[in-house]
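So the structure is just underneath, and the comments pick up after that.
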Amino acid sequence: MRSHYCGQMNEGLVDQDVTLCGWVHRRRDHGGVIFLDMRDRDGLAQVVVDPDTPDAFASADRVRSEYVLRIKGRVRMRPEGTRNPNLPTGMIEVLAREVEVLNSAETPPFQLDEHGKVGEDVRLRHRYVDLRRPEMIERLRLRSRITHSVRAYLEEQGFLDIETPILTRATPEGARDYLVPSRTHAGEFFALPQSPQLFKQLLMVAGFDRYYQIAKCFRDEDLRADRQPEFTQIDLEASFVEEQDIMAITEEMIRHLFNEVLSVDLPEFPRMTWHDAMRRYGSDKPDLRNPLELVDVDDLMKDVDFKVFSGPANAEDGRVAVLRVPGGAKLTRKEIDDYTGFVGIYGARGLAWIKVNERAKGLEGLQSPIVKFMEGVVETLLDRVGAEDGDILFFGADRAKVVNEAMGALRVRLGADLELYTREWAPLWVVDFPMFERDDSGRLAALHHPFTAPVDADSLLAHPEQALSRAYDMVLNGTELGGGSIRIHDQQVQRQVFEALGIGEAEAREKFGFLLDGLAHGAPPHGGLAFGLDRLVMLMTGGRTIRDVIAFPKTQSAACLMTEAPGPVSGEQLKELHIRLRQKAAESTASS
């Protein structure tokens, strides 16, 4: 139906006949001449319709915004004084000979260039209109280029694209499964995969050596800006590898991707242990564009006459840390109060501070309600954090977990608010993660997943909380791009990890019997990594959330406003699935 895309119009086509198809972006009537800005996925082209072509003029006279047209005409240069050098097609226009209305359109729910004036719920409800915006088209076009580049790179490295099942069985991976009732097996359920983890490990057992997949994954969890109930992973696994092998392959893949798609040469990928990341930044995914660091002062606070500090300083699981903000003394009391409220979100019970107005004056040069409690240690404290005139010091004092989360988040917030970033891109590898952490009930839980290999299997059961894993995360600008590990390939080691997690033999056999059997049939050493494609595209396009780079995302309540999913199903469907709704749930469904 078309000869060219609108965005392909250029001076090389002058005096040629073209056929364009697309949407009316804008219609203007100037002194009896109608101008139509025609839009398709490649861009805009200006079309001129003269009264000299009465049929075309009559058609153009009745079109409105977002009508779908086919236009035949001849390309010509725009007259001097009307050319637009800021538009790729701004030097030419198409003089229409025929204007065919392929479809009319209702008044759009919002103008594409005024989308920011409407709520996100309106745009998601009419996503098919929202996706017409050039920035959305460009984001999804770049997403396509990213996946193409990734596929090409991995296949050049000998990886095979192999699909794994979508209908599988429930496995504990840290979030709730989406369950699918079985019609043919009454009372039993499939689960949608949280990741292809176990299947890709079994592909290594099967001898495929190098696997990859751009895989859909599903997690029924509380959502945040960077989470969706269904998301996409760049998933890969390889046999006969160690940590440095996987890290080298994937680091080169990301370098290649940024260079090919964005013409960006990423800087060095430094390595940092998990312990150092938490100590210096309060986060296992620190943003190294931000120069602020946490400094421990527990030893200085153990004997101060201020229980807010001395209590955590003497507690086994406590921490007292300082965040020095150069030039921060200019912050107002209201701004400090706002930051105090912010850290409260992360469980902090307050935010102590000291403004360093003039160090040479000793205590007189400091401004803070807490200085009087620390007279004997103030100078040592200021020296340790490198305090200078004009700085402000923020203190975190509580359980280490609370301090890390609150002060780590404050560091990120201050870096953005005060524009402290020193570079555009800051990649990083975080390594040497603990094998386990305590959950809210006090039980041990796998920090990554229970199939991650320990550094030292011999001492795993004797000292599980001291065990380190062979895990590694790639971080970029404070976002975890991907996480991976060397996997357990020995059945006995896998049983030891299950035992440390309180998973007995019977439960392990019930949930993971097929994996244990596979490991017993000649499993090679293997490892891999999974990248969050949505997060990667978000970073590369400058999106605010991953909803900006997914064609049809869910809301933060895991709903699709456009299709009104999830929704009720008929009683006949429930009967076929051997399901009966509880009365309360049935009434709730009926009322909605």
### Task
Go ahead and collect, in residue order, the members of segment 1-22 whose backbone nitrogen is under 19 Å from a label point 7 Å along the Cα-Cβ direction of Leu102.
1-9, 17-22
### Task
From the C-alpha gyration tensor of segment 290-422, pull out the three semi-axes of the equivalent ellipsoid (sqrt of 5λ each), sorted largest to smallest, in whole Å.
20, 19, 13
#### Entry: Positive dipole terminus of segment 290-422, leading residue within Thr340, Gln367, Leu300 (C-beta point charges)
Thr340
### Message
Checking the cross-link filter: which aspartates and glutamates have an alpha carbon closer than 14 Å to that of Lys117, excluding same-chain neighbours under 8 positions apart?
### Response
Asp130
#### Entry: In Hz, Karplus ³J(HN,Hα) per residue of segment 29-36 (6.51, -1.76, 1.60; θ = phi - 60°; x = Gly, Pro)
10, 10, x, x, 10, 9, 10, 10
### Message
Give the aspartates and glutamates reachable from Lys334 as a straight Cα distance under 20 Å; neighbours fewer than 8 places away on the same chain don't count.
### Response
Asp391, Asp417, Glu419
### Message
Using helices alone, I'd like the mean residue ellipticity at 222 nm for the chain: each DSSP H run of four-plus residues gives -39500 (n - 2.57), total over residue count, nearest 500.
### Response
-9000 deg cm²/dmol
### Task
Enumerate the calculated ³J(HN,Hα) couplings along segment 287-300 in order (Karplus 6.51 cos²θ - 1.76 cosθ + 1.60, θ = phi - 60°), each rounded to whole Hz, writing x wherever the residue is Gly or Pro.
8, 7, 5, 8, x, 5, 9, 7, 10, 6, 9, 3, 4, 7
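Between Ser570 and Ser3, what length in nm is gained on full extension when 0.36 nm per residue of separation is reduced by their alpha carbon distance?
199.3 nm
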### Message
Set the bar at 27 Å for Cα to Cα. Now go through Lys285/Lys372; Lys285/Lys511; Lys216/Lys511; Lys200/Lys511; Lys285/Lys554 and name every pair that lies beyond it.
### Response
Lys285/Lys372; Lys285/Lys511
## Note on the structure
Taking only the alpha-carbon atoms of segment 501-554, the convex hull volume per residue, in cubic angstrom, is 184 Å³
### Task
Name the aspartates and glutamates eligible as straight-distance cross-link partners of Lys307: C-alpha to C-alpha under 13 Å, and not fewer than 8 places from it in the same chain.
Asp298, Asp398
### Message
Projecting each Cα onto the charge dipole of the chain (Lys/Arg +1, Asp/Glu -1 at the beta carbon, about the Cα centre), which of His148, Ala45, Asn10 comes out farthest on the positive side?
### Response
Ala45
## Note on the structure
With the 8 Å Cα cutoff and a minimum separation of six or more residues, the chain has a relative contact order in percent of 13 percent
## Note on the structure
Projected onto the charge dipole of the chain (unit charges on the beta-carbon of Lys, Arg, Asp and Glu, signs +1, +1, -1, -1), the Cα from Asn84, Leu192, Tyr281 with the largest positive-side position is that of Asn84
### Task
Note down the magnitude of the dipole of the chain about its Cα centre, charges +1 on Lys and Arg C-beta and -1 on Asp and Glu C-beta and zero elsewhere, to the nearest 20 debye.
1660 debye
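Just so you know, all these numbers are worked out from the coordinates, no wet-lab data involved. All of these numbers come straight from a predicted model, not from anything done at the bench. Here Cβ is always computed from backbone atoms with ideal geometry, including for glycine, and neighbour counts include all displayed protein chains.
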